[in-house]
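Participant: Before I ask anything, here is the structure I am working with.
Where a number appears in this text, it was derived from the coordinates with a stated rule and is not lab data. Just so it is clear, the model here is predicted, and its values are computed rather than measured. With ideal geometry, Cβ positions are generated from the backbone for all residues, glycine too; neighbour counts draw on all protein chains shown.
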Amino acid sequence: MEIPEVKRVSAVKRDYLARLAKEGKRPDGREPDEYRPIKIEKNILRNAEGSARVRIGNTMVMAGVKADIGEPYPDSPEEGAMSTSAELPPIASPEFESGPPKPDAIELARVVDRGIRESGYIDMSKLCIEPGEKVWIVFIDLHVLDYDGNLFDACSLAASAALQNAVLPYEKFDLGENKPLPVTSPPISCTFVKYEDFIVVDPSLDEEQIAQARFTVALDKEGNIRAIQKGLKGTFTIQEIKNIINRAQIHARNIRKLLEE
Amino acid sequence: MMRKIVLPGSVVGDAKEKLPGRGVFKEGDKLYASRLGIVSDKGRYVNIIPLSGVYDPSIGDNVIGVVQEAFKNAWLIDINAPYPAFLGVDNVPWRVDYGETTKYLKIGDVLIVSIVSVDEARNIDVSMKCKACRKIDEGLIIDIQPSKVPRVIGKNSSMLSVLKKYTGCWIFVGQNGRIWIKGKDEEKIKLLIKAIRKIEKEAHTTGLTERITKMLGG
Amino acid sequence: MKDGIRIDGRKPDELRPIKIEAGVLYRADGSCYLEWGGNKIMAAVYGPREAMPRHIQDPTKAIVNARYNMVPFSVEDRKRPGPDRRSVEISKVTSEALEGVIFTELFPRATIDVCIEVLDAEAGTRCAGITAAAVALADAGIPMRDLPVACAAGKVDGTVVLDLTSDEDKEGDADLPIAIAPRTEEILLMQMDGHMTPAEFDEAVELAIKGCREVSKLQREALMNKYKTFEVE
């Protein structure tokens with residue numbers, strides 16, 4: 001059952017956030033261009049070929065990488081493949097329900113997937129075992145454990161961190177020694193929301209609940225744009241979007257440093 | 001000094017000497033805790049003061065509710081309990097004609113209501129006909145764990161007085177863990193929220209009122 | 001087994017290393033993170049809250065709804081997301097085991113939702129899941145007559161041993177996971193597969209209960225740790 005938005009946010013909370021926004025303030029006291037603390041833990045699981053746990057404030061996401069062998073697509077016989085899935089399980093929020101992924105989870109997975117795919121983070125040309133016959137298929141699974149806003153950035157960062165140290169399990173398939181997953185430099189995703197004409201980075205749950213529009217941009221190492229997703233029913237002006245992308249450049253550089261630590 | 005914390009199944013008394021109170025059950029000649037908390041056994045009863053858990057509504061509690069649904073002659077109020085409460089048109093200070101409920105209270109409106117009845121099946125009725133009852137139109141609401149409410153209020157409202165005195169804010173603490181704050185100075189509000197979070201975190205320690213007073217500059 | 005020592009160096013009656021932390025999640029009403037050998041489990045509790053849709057409500061008591069889930073990357077070969085027959089069965093017996101100690105009659109029409117996410121699996125996930133769920137339930141302030149705990153015993157090379165690893169589980173002769181209410185030693189869950197004589201079964205049950213007692217101590221410590229704080233001046 002879909003819970004109507006009005007039920008979740010009281011009128012008082014809405015008014016309070018709106019009043020703060022008019023003064024350029026956020027409910028948790030952050031600056032408009034301030035992320036919550038980010039914590040990345042890499043390679044923490046045994047069964048995954050690569051794994052990471054990412055926390056942004058109270059939001060917590062676990063990413064796991066598995067690799068399997070399969071047939072390549074006919075139009076790219078010498079390239080591997082990748083697949084990204086996201087789950088919003090009931091452990092992460094009182095509002096999440098079990099069952100097959102709903103549109104929110106599918107959108108989330110696809111946006112993360114686009115950033116990785118379009119930035120060429122995984123070097124697909126090095127995933128070929130036998131041209132036209134056997135290639136590596138890389139599965140990225142995102143499992144949200146605690147939801148307090150900004151899943152796009154948490155999931156993207158968790159996926160990048162999990163891929164960073166992932167291993168291709170050649171031994172498991174009697175194909176020789178395990179090799180590191182060939183990766184280049186990761187995409188960095190930055191998400192902003194807009195409410196009351198106030199645009200802030202890294203929205204908390206409170207802010208997401210009253211947000212009118214959302215914007216996610218994935219940037220590569222050179223600061224070029226590799227993926228974009230505008231979400232929700234509100235709108236942005238072209239100028240607002242240009243500003244967002246400029247603001248994202250600084251965040252992306254900082255987060256990239258954290259990831260490479 | 002630390003207070004003794006008990007867990008479900010911990011022995012908390014002798015059934016021949018004391019009676020099982022809240023959070024306590026009797027089995028054989030012993031009394032056991034049914035939930036995590038601190039033992040209080042000064043009177044005839046052994047009670048457990050819970051340190052966690054959802055709000056358990058009881059008659060007379062003043063709580064902060066949010067209108068969740070409007071019917072022809074009543075509203076359904078989310079009171080942060082396992083069950084929503086029923087606010088009938090007889091229990092509001094206005095004369096509401098049939099089908100006109102949304103003229104008075106809309107979905108998302110925030111109210112202070114008083115719990116007037118809880119039956120065995122946990123059907124809950126609330127009323128707006130109490131002294132503190134009203135519709136809240138300004139300020140902000142923060143949520144704390146309902147089990148920490150007694151600490152935020154303190155013995156004879158001692159903690160609440162400290163919070164009010166040093167921040168100059170208007171504070172209403174709902175028994176259900178929702179706190180209404182109204183103040184002019186944003187910095188003071190920030191400090192107040194920080195103090196409330198500290199109380200929430202350190203609820204099971206002693207000397208808390210003194211530490212909060214110090215923190216607020218007293 | 002060699003000279004009474006198992007492949008991983010443990011004695012027959014020795015548990016794998018266990019680490020438990022209570023109250024680790026922000027949104028959940030109660031939570032627990034548990035590492036047990038190679039198992040990594042996150043458990044959370046929501047509720048009691050009104051059961052939805054309304055027709056599933058029981059007017060006399062709360063429903064206990066445990067959901068055991070293995071994440072896709074928790075096992076050697078990626079598991080498709082979502083429940084399979086095995087996890088549905090484990091969810092059912094876990095719900096029943098936990099319901100056995102919860103005072104459900106205090107919360108008519110409500111549901112108590114227990115989420116168990118297996119993040120990394122290495123044999124004994126159901127016992128680890130129940131053990132973590134129990135800590136999460138206590139952390140959520142759910143009234144219970146005891147703090148349930150689970151552990152398995154089994155048989156490897158004809159010897160009854162405690163807490164099987166995945167190799168022992170695969171190669172072994174029998175596996176017997178149990179969950180108990182430690183105060184009364186009532187059995188809340190028992191499953192078994194393999195082959196045991198009645199005498200071996202008696203020995204295995206006794207050993208599993210001994211294991212449960214050790215794990216129970218760790219559960220209690222974890223909860224005390226969360227609620228313990230600095231000495232006050």
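Participant: Summarise the partner chain shielding of B:21-34 as one whole number: the mean count of Cβ atoms from other chains within 10 Å of each residue's Cβ. Walk me through the numbers on the way to the answer.
Facilitator: Values: counts 0, 1, 3, 1, 4, 0, 3, 0, 0, 0, 0, 4, 3, 10.
Average per residue, whole number: 2.
Participant: With θ set to phi - 60° and the Karplus curve 6.51 cos²θ - 1.76 cosθ + 1.60, what are the ³J(HN,Hα) couplings of region A:211-222 in order, to the nearest whole Hz, using x for Gly and Pro?
Facilitator: Here the 3J(HN,Hα) series is 5, 9, 8, 10, 9, 10, 10, 9, 10, 8, 4, 7 Hz.
Participant: Report ³J(HN,Hα) in whole Hz for each residue of region C:144-150, in order, from the Karplus equation J = 6.51 cos²θ - 1.76 cosθ + 1.60 where θ = phi - 60°; Gly and Pro get x.
Facilitator: Coupling constants for region C:144-150: 9, 8, 6, 9, x, 8, 9 Hz.
Participant: With every atom except the alpha carbons ignored, what do you get for Rg and Dmax of region B:140-215, in angstroms?
Facilitator: 11.1, 32
Participant: Right, here's the next one. Quick check: net charge around B:Val54, other residues with Cβ under 10 Å of its Cβ, Lys/Arg +1 and Asp/Glu -1?
Facilitator: Counting the neighbours of B:Val54, the net charge comes to -1.
Participant: Work out, in µm²/s and without decimals, the Stokes-Einstein translational diffusion coefficient of region B:5-50 at 25 °C, 0.890 mPa s, Rh from Kirkwood over C-alpha pairs.
Facilitator: Details: Rh = 9.8 Å.
Value of D from the Cα-based Kirkwood radius: 251 µm²/s.
Participant: In debye, nearest 20, what is the charge dipole magnitude of region B:77-218 about its Cα centre with +1 on Lys and Arg Cβ and -1 on Asp and Glu Cβ, if you could check?
Facilitator: 780
Participant: Still on this structure, please answer the following. If each DSSP helix of 4+ residues adds -39,500 (n - 2.57) and the sum is divided by the residues in chain B, what number results at 222 nm, nearest 500 deg cm²/dmol?
Facilitator: -5000 deg cm²/dmol
Participant: Moving on to the next point. How high is the relative contact order of region A:1-154, in percent, counting Cα pairs under 8 Å that sit 6 or more residues apart?
Facilitator: Reported relative contact order: 28 percent.
Participant: Moving on. Over region A:1-104, what portion of Cα pair distances is larger than 22 Å, expressed as a whole percent?
Facilitator: 60
Participant: Where in region B:73-124 are there trypsin sites (Lys or Arg not before Pro) that are in a DSSP coil and have at most 14 other Cβ atoms within 10 angstrom of their Cβ?
Facilitator: Answer by residue number: B:Arg95, B:Lys106.
Participant: A further question on this structure: Which trypsin sites (Lys or Arg not before Pro) from region B:163-205 combine a DSSP loop assignment with at most 10 other Cβ atoms within 10 Å?
Facilitator: Sparse-neighbourhood loop trypsin sites (Lys or Arg not before Pro): B:Lys184.
Participant: Residue by residue through region B:122-138, which ³J(HN,Hα) values in whole Hz follow from phi under the Karplus form 6.51 cos²θ - 1.76 cosθ + 1.60 (θ = phi - 60°), with glycine and proline marked x?
Facilitator: Each residue of region B:122-138 in turn: 6, 7, 10, 10, 10, 9, 9, 9, 10, 4, 7, 5, 5, 8, 9, 10, 8 Hz.
Participant: Would you kindly work out the equivalent ellipsoid of chain C from its C-alpha gyration tensor and give its semi-axes, the square roots of five times the eigenvalues, largest first in whole Å? All intermediate terms of the calculation are to be shown ahead of the outcome.
Facilitator: On the way: eigenvalues 175, 80, 63 Å².
They are 30, 20, 18 Å, listed from largest to smallest.
Participant: Another one. In nm, to one decimal, how far is the modelled label at C:Glu76 from the one at B:Asn156, with both set 7 Å along Cα→Cβ?
Facilitator: Once both label points are built, they end up 7.0 nm from each other.
Participant: State, as an integer percentage, the relative contact order of chain C based on alpha-carbon contacts under 8 Å between residues 6 or more apart.
Facilitator: Values: 526 pairs, mean separation 50.3, N = 233.
Over chain C, the number comes to 22 percent.
Participant: Using Cα atoms only, what is the angle between the long axis of helix C:198-227 and the major principal axis of chain C, expressed in degrees (0 to 90) to the nearest 10?
Facilitator: Roughly 50 degrees between the two axes.
Participant: Going by a ≥ b ≥ c, the root eigenvalues of the Cα gyration tensor, does region C:100-233 fall in the rounded group (a/c under 1.5), the prolate group (a/b larger than b/c) or the oblate group?
Facilitator: Working: a/c = 2.04, a/b = 1.73, b/c = 1.18.
Verdict is prolate for region C:100-233.
Participant: So what is the 222 nm mean residue ellipticity for chain A from helices alone, if each DSSP H run of at least 4 adds -39500 (n - 2.57) and you divide by all residues, rounding to the nearest 500 deg cm²/dmol?
Facilitator: The helix contribution divided over chain A gives -9000 deg cm²/dmol.
Participant: Also: Evaluate 2.2 N^0.38 Å with N set to the residue count of region B:62-136, then give the Cα radius of gyration divided by it.
Facilitator: Ratio of Cα Rg to 2.2 N^0.38 Å: 0.98.
Participant: Summarise the partner chain shielding of B:43-54 as one whole number: the mean count of Cβ atoms from other chains within 10 Å of each residue's Cβ.
Facilitator: The shielding value for this peptide is 3.
Participant: Ok, one more. Enumerate the amide H contacts of B:Glu27 below 5 Å, restricted to partners 5 or more residues apart or on another chain; note that Pro and chain-start residues carry no placed amide H.
Facilitator: B:Tyr32
Participant: Sticking with this structure for a sec: Taking the 0 to 90 degree range and rounding to the nearest ten, how far is the long axis of helix C:85-99 tilted relative to the main principal axis of chain C, both from C-alpha atoms?
Facilitator: 70
Participant: Taking +1 at the Cβ of each Lys and Arg and -1 at the Cβ of each Asp and Glu, which of B:Tyr166, B:Val6, B:Tyr55 sits farthest along the dipole of chain B towards its positive end, judged by Cα position relative to the Cα centre?
Facilitator: Highest projection toward the positive end goes to B:Tyr166.
Participant: If you don't mind, there's one more thing I want to ask. What FRET efficiency comes out for the pair A:Lys25/A:Asp123, r = Cβ-Cβ distance, R0 = 35 Å, nearest 0.05?
Facilitator: Between A:Lys25 and A:Asp123 the formula returns 0.20.
Participant: Oh, and also: Taking amide H positions as placed in the peptide plane 1.01 Å from N, state which residues far from A:Lys179 in sequence (5 or more) or on other chains have amide H under 5 Å from it.
Facilitator: A:Leu168, A:Tyr170
Participant: Residue by residue through C:113-120, how many Cβ atoms from other chains fall within 10 Å of the Cβ on average?
Facilitator: Details: counts 5, 2, 7, 1, 8, 1, 11, 8.
Counting other chains' Cβ atoms within 10 Å and averaging over C:113-120 gives 5.
Participant: Convex hull volume of the Cα atoms in region A:129-235, per residue, in Å³? It would help to have the intermediate numbers written out before the result.
Facilitator: Details: hull volume 15.2 nm³, N = 107.
Value for region A:129-235: 142 Å³ per residue.
Participant: For the protein assembly as shown, list log₁₀ I(q)/I(0) at each q in 0.07, 0.10 Å⁻¹, using the Debye formula over Cα point scatterers of equal strength and ignoring solvent, two decimals each.
Facilitator: Relative scattering, expressed as log10 I(q)/I(0), comes to -0.54, -1.09.
Participant: Specify the angular offset, from 0 to 90 degrees and rounded to the nearest 10, of the alpha carbon long axis of helix B:158-167 from the longest principal axis of the alpha carbons in chain B.
Facilitator: Once rounded, the angle reads 50 degrees.
Participant: Which of rounded, prolate, oblate describes region C:3-57, given a ≥ b ≥ c as roots of the alpha-carbon gyration tensor eigenvalues and a/c under 1.5 marking rounded, otherwise prolate only if a/b is larger than b/c?
Facilitator: In terms of gyration-tensor shape, prolate.
Participant: Using all Cα-Cα distances in chain A, what percent lands in each 10 angstrom bin from 0 up to the longest?
Facilitator: Taking all Cα pairs of chain A, the binned fractions are 7, 29, 34, 20, 8, 2, 0 percent.
Participant: Against the globular-protein guess of 2.2 N^0.38 Å, express the Cα radius of gyration of region B:1-121 as a ratio, rounded to two decimals. Intermediate values should be presented prior to the final figure.
Facilitator: Numbers: Rg = 19.9 Å, N = 121, 2.2 N^0.38 = 13.6 Å.
Here the answer is 1.46, to two decimals.
Participant: For B:Arg197, project a label point 7 Å along Cα to C-beta. Then give me every residue of region C:8-40 with its amide nitrogen under 15 Å of that point.
Facilitator: Under 15 Å, as judged by backbone N against the label point of B:Arg197, lie C:26-27 of region C:8-40.
Participant: Compute the relative contact order of chain A as a whole-number percentage, counting only Cα pairs closer than 8 Å that sit 6 or more residues apart in sequence. Walk me through the numbers before you get to the answer.
Facilitator: On the way: 538 pairs, mean separation 53.3, N = 261.
About 20 percent, as a whole number.
Participant: Can you check how the C-alpha radius of gyration of chain B compares to 2.2 N^0.38 Å, as a plain ratio?
Facilitator: For chain B, the normalised Cα radius of gyration is 1.15.
Participant: Using only the alpha-carbon atoms of region C:1-121 as identical scatterers, what base-10 log of I(q)/I(0) does the Debye formula give at q = 0.19 Å⁻¹?
Facilitator: At q = 0.19 Å⁻¹ the computed log10 ratios are -1.11.
Participant: With the cut-off at 31 Å, tell me which of the pairs A:Lys13/C:Lys228; C:Lys40/C:Lys228; A:Lys126/A:Lys221; A:Lys172/C:Lys19; B:Lys129/B:Lys155 have Cα atoms farther apart than that.
Facilitator: A:Lys13/C:Lys228
Participant: Could you give me D for region A:82-189, from Stokes-Einstein at 25 °C and 0.890 mPa s, where the hydrodynamic radius is the Kirkwood radius over C-alpha pairs? Units µm² s⁻¹, please.
Facilitator: Once the numbers are plugged in, D ends up at 163 µm²/s.
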